[in-house]
1. Please identify every one of the trypsin sites (Lys or Arg not before Pro) in segment 8-110 that sits in a loop by DSSP and has no more than 16 other beta carbons within 10 Å of its own beta carbon.
2. Going by the alpha-carbon gyration tensor, a ≥ b ≥ c the square roots of its eigenvalues, is segment 2-95 rounded (a/c under 1.5) or, if a/c is not under 1.5, prolate (a/b greater than b/c) versus oblate?
3. Enumerate the amide H contacts of ARG12 below 5 Å, restricted to partners 5 or more residues apart or on another chain; note that Pro and chain-start residues carry no placed amide H.
4. Can you list which of the chymotrypsin sites (Phe, Trp or Tyr not before Pro) found in segment 22-110 are DSSP loop residues with at most 13 other C-beta atoms within 10 Å?
5. Please tell me which of these pairs span more than 25 angstrom C-alpha to C-alpha: LYS43/LYS77; LYS35/LYS77; LYS30/LYS80; LYS43/LYS80; LYS30/LYS77?
6. With each pseudo-label sitting 7 Å past Cα toward Cβ, what's the THR2-LYS73 distance in nm, one decimal?
7. Which GluC sites (Glu not before Pro) in segment 3-48 sit in a loop by DSSP (not H, G, I, E or B) and have at most 12 other Cβ atoms within 10 Å of their own Cβ?
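What follows draws every value from the coordinates through simple rules; no lab data is involved. Keep in mind that this is a model prediction, so the values were computed, not measured. Glycine also receives a Cβ, built like all others from the backbone with ideal geometry; neighbour counts cover every protein chain displayed.
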Amino acid sequence: MTLVFILSMPGRASWNGRWSGEDHCYAIVKSFTGKKGKEKAEKILEIPHYSYGWSDGWRAAIQVSPVDSAAAKRYRKNSKGFCGYDWMVESIVKHGAIYTDHEKPVGSFS
């Protein structure tokens with residue numbers, strides 16, 4: 001199963017209420033193979049929107065959805081990276097939620 005993780009910034013504490021990257025696609029495509037991989041992907045999809053907020057008022061959101069190979073290819077081609085927030089996707093895959101290094105729980109998401 002292939003999932004796309006799409007980043008947005010719905011909480012914007014900037015001077016003009018905007019995010020400089022709002023007009024771009026920020027996506028990570030991940031494939032989950034085998035029985036365990038499929039089970040993990042299905043667990044991740046139980047929560048289609050993940051979010052993380054900072055104390056300064058900014059909030060990031062990651063939408064997750066399954067994609068076919070053609071859509072995965074389009075996302076990979078059009079993505080402008082992930083603005084340095086790849087760690088959020090890694091946390092979702094490992095823990096089932098977004099945690100920073102100092103917030104991470106013991107154990108992993110199975």
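1. ARG12, ARG18, LYS80
2. Note, shape of segment 2-95 comes out oblate.
3. Residues meeting the amide H criterion: ARG59.
4. Hits after loop and neighbour filter: TRP54.
5. LYS43/LYS77; LYS35/LYS77; LYS43/LYS80
6. Distance between the two pseudo-spin positions: 0.8 nm.
7. Here the sparse-neighbourhood loop sites are GLU22, GLU46.
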